[in-house]
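So the structure is just underneath, and the comments pick up after that.
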Amino acid sequence: QVQLVESGGGLVQPGGSLRLSCVASGLIFSNYVMSWYRQAPGKERGFVAFITFAGSTNYLTTVKGRFTISRDNTNNTVFLQMNSLKPEDTAVYYCKANGPTGAHWGQGTQVTVSS
C-alpha cells in the first residue's frame, strides 16, 4: 500500500522560510514523479512543483525563484524548501506521487503565513 506522509508545515511570518518533507513508502520511488500541490481556503487544489527521478523540475510561476523542490532517492523523500513566504502562500500543501500505479496523495500539511 502506497503511503505518503508530509511534515514541516506551520506558522511563519511573511518573508520567512519553511521546509516541507514527504516520505513515501509502498512504492518503487525511482518510478514516480513527485509533486507538491496546495489548496487555499475556498480554492481548488493547484500545482506547485514537480521533480522527476533524474532531477528535472518545474514550478508554478508565482513560486519560481522562491521555492525549491528536491528529492532524496535513497530515503524515498521529497522536499519543498520555501523561502520569502507571502500571505498568499497560505494553504494546505499536499505531496503527490505519480507513476505506474497511478496517482497517490498524502494527507497534507498546513502552511500559514501571517504576522
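The values are calculated or read from the model by the stated rules, or taken from the named source; none is laboratory data. For clarity, every value in this text was computed on a predicted model and none was experimentally measured. Heads up, the Cβs are rebuilt from the backbone with ideal geometry, glycines too, and the neighbour counts pull from every protein chain shown. Accessible surface is based on the protein model in full, side chains and every heavy atom, while ligands, DNA and RNA are left aside. Shrake-Rupley method; radii C 1.70, N 1.55, O 1.52, S 1.80 Å.
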Select, from 79, 47, 53, the only residue that is touching a helix residue (DSSP H, G or I) at 6+ places or on another chain (Cβ under 8 Å), outside any helix (DSSP H, G or I), open to solvent by 30 Å² or more (accessible area, probe 1.4 Å) and aromatic (Phe, Trp, Tyr).
53
Which of the numbered conditions does residue 42 fail, given that it passes all the others? Conditions: (1) within 23 Å of residue 3 (Cβ to Cβ); (2) open to solvent by 30 Å² or more (accessible area, probe 1.4 Å).
(1)
When residues of the stretch 27-41 are filtered for being assigned to a loop (DSSP other than H, G, I, E, B), modelled with pLDDT of 95 or more and either more than 16 Å from residue 108 (Cβ to Cβ) or among the basic types (Lys, Arg) (or both), how many remain?
1
With respect to residue 52, determine if the residue is under 26 Å from residue 13 (Cα atoms) and of a type in the set (S, T, N, Q).
no
In this structure, does residue 114 turn out to be surrounded by fewer than 14 Cβ atoms within 10 Å (Cβ to Cβ) and modelled with pLDDT of 95 or more?
yes
Quick one: what pairs do we get from the stretch 64-92, first residue modelled with pLDDT under 95, second surrounded by 15 or more Cβ atoms within 10 Å (Cβ to Cβ) and part of a helix (DSSP H, G or I), C-beta under 8 Å, 6+ apart or different chains?
73/29
List every residue pair whose Cβ atoms sit under 8 Å apart, with the two residues 6 or more apart in sequence or on different chains, where the first one lies in the stretch 9-20 and is charged (D, E, K, R) and the second, anywhere, is part of a loop (DSSP other than H, G, I, E, B) and surrounded by 13 or more Cβ atoms within 10 Å (Cβ to Cβ).
19/8
